[in-house]
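Student: Below is a structure I'd like to ask you about.
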């Protein structure tokens, strides 16, 4: 398959006629050496040492097992090869369904067949004591799922935690393993066929927002699946109770849906039982994925969409600082069981938060920093509007990068993207040249406007912003 992979775009300067050896010396990177170069370097570096591979090199060349023409070789990373195989499997699945994908995997040497005895064993009715069956409120649990199990023992296993004293019922971990794979497949398929125009990166973000423990845990709480959990841990009970309170507070916020980015970290067990229930339905229905989706599609409503997809605060803050060419730094400390994370931009603290978990503290600190920055930008925008109004009355108007930021805020556009084009001059008289562009909601990216060389970064950005503002005035005049 590797001979069919188009790893490089066609370029006329790299083309060679049949029978003519191509020369790509100009494309060789200093940091990259081929396997042949590595062997040569090894022999040259240690001339007195007999390397095992060297003893067979001449014989291999004589037998024709290695070609002397290295131009016939291309360097392909293992990830590229793996991605191509995955893409081929996806193509067969999209065009021909599961059977076609299985056929390709068999052909490529991927083992997908199962022993019939193993399949029969996995679907064998479970043996659950009668006293355990009587202890579960099946009417409420099956009512919440809107399904009637043929083998209720599977459902009991799906809600049994490892901390539960032995009662003849296995814990949910094996069912969770199956359900995790089934839900990942079903949600991926739903997103792929629903949003056919989205780029792969955006699809990956959607799936990450839908398939995560935090989102599954909120599904469990919203449909009261957690009340049926069979466990024997008082500490776990307290964690679940605290999390349920946080979810109830979240639900009071209008239009709020965290999709895995809530302010409170969910106990892992809540997400696990959602996956284990999916695994139980999968086995109870005779390995029917559609039966699982019929249950879980309404359970997971509202499903994340491109319009409701939240961006992780840490990532959002990082991208904002990159666009503004500002330095971002996190400082974390821990006193006892409490972690404190402070956010600094250009050396100025803009946000802080505390949480027992460092990652959660970082997320909350980034969110607080974004809120503070937005509040500051809104206040500055209002102040600029007032100043511009006064200047218009006086017949003068000054355009700066803040004016451009104000326009982006009013139109709900992303912040302008600045890029340093050139930095030169002696140390005592530096000159900076910046370019800027913005992604508009209706016309896409603007052309990149390059400003004049200026003695400071801020003035260089202002110079570029003036040109972009003139372009926007022409577009929206």
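Student: May I ask you to order 338-344, 368-374 by the average number of other C-beta atoms within 10 Å around their residues, highest value first? Mind dumping the intermediate values first?
Tutor: Details: 338-344: 19.0, 368-374: 17.4.
With the highest mean Cβ count within 10 Å placed first, the list reads 338-344, 368-374.
Student: Considering all projection directions equally, how large on average is the shadow of the alpha-carbon convex hull of region 149-212, in square nanometres? Numbers along the way, then the final one.
Tutor: On the way: hull surface 22.7 nm².
Computing the convex hull of the Cα atoms and averaging its projections yields 5.7 nm².
Student: At what distance in angstrom do the alpha carbon centres of region 353-374 and region 287-328 lie from each other?
Tutor: Rounded to whole Å, the Cα centres lie 18 Å apart.
Student: Also, I was wondering about something else. Subtracting the Cα-Cα distance from 0.36 nm times the residue separation, let me have the gained length for residue 21 to residue 135 in nm, one decimal. Walk me through the intermediate numbers first.
Tutor: Numbers: separation 114, 0.36 × 114 = 41.04 nm, distance 7.80 nm.
Additional length available on full extension: 33.2 nm.
Student: Find the Rg to Rh ratio for region 434-477, where Rh is the Kirkwood radius over alpha-carbon pairs and Rg uses the same atoms.
Tutor: Details: Rg = 10.9 Å, Rh = 10.7 Å.
My calculation puts Rg/Rh at 1.02.
Student: What is the distance in Å between the Cα centres of region 188-249 and region 419-457?
Tutor: Region 188-249 and region 419-457 have Cα centres spaced 43 Å from each other.
Student: Averaging over every viewing direction, what projected area does the convex hull of the Cα atoms of region 313-380 cover, in nm²? Provide the component values of the computation, followed by the final result.
Tutor: Values: hull surface 17.0 nm².
The number I arrive at for region 313-380 is 4.2 nm².
Student: Going out from 0 in 10 Å bins, what whole percent of all Cα-Cα distances in region 255-353 drops into each bin?
Tutor: The calculated distribution, bin by bin, is 12, 27, 27, 18, 13, 3.
Student: Hey, can you rank 404-410, 150-156 by average C-beta count inside 10 Å, highest first? Before the final figure, lay out each step's value.
Tutor: On the way: 404-410: 18.1, 150-156: 19.9.
Answer by packing, highest mean first, reads 150-156, 404-410.
Student: Something else now. Over the Cα atoms of region 399-475, Rg to Rh with Kirkwood Rh, two decimal places? Each step should come with its number before you reach the end.
Tutor: On the way: Rg = 12.8 Å, Rh = 12.6 Å.
Reported Rg/Rh (Cα atoms, Kirkwood Rh): 1.02.
Student: In angstroms, what radius of gyration and Dmax does region 118-299 have, counting Cα atoms only?
Tutor: 16.7, 53
Student: Ok, one more. Would you mind classifying region 178-228 by shape? Square roots of the alpha carbon gyration tensor eigenvalues, ordered a ≥ b ≥ c; an a/c under 1.5 is rounded, otherwise it is prolate if a/b is larger than b/c and oblate if not.
Tutor: Values: a/c = 2.76, a/b = 2.19, b/c = 1.26.
Note, shape of region 178-228 comes out prolate.
Where a number appears in this text, it was derived from the coordinates with a stated rule and is not lab data. Just so we're clear, the structure is a prediction, and the values are computed from it rather than from any experiment. FYI the Cβ positions are ideal-geometry reconstructions off the backbone, even for glycines, and counts take in every protein chain you see.
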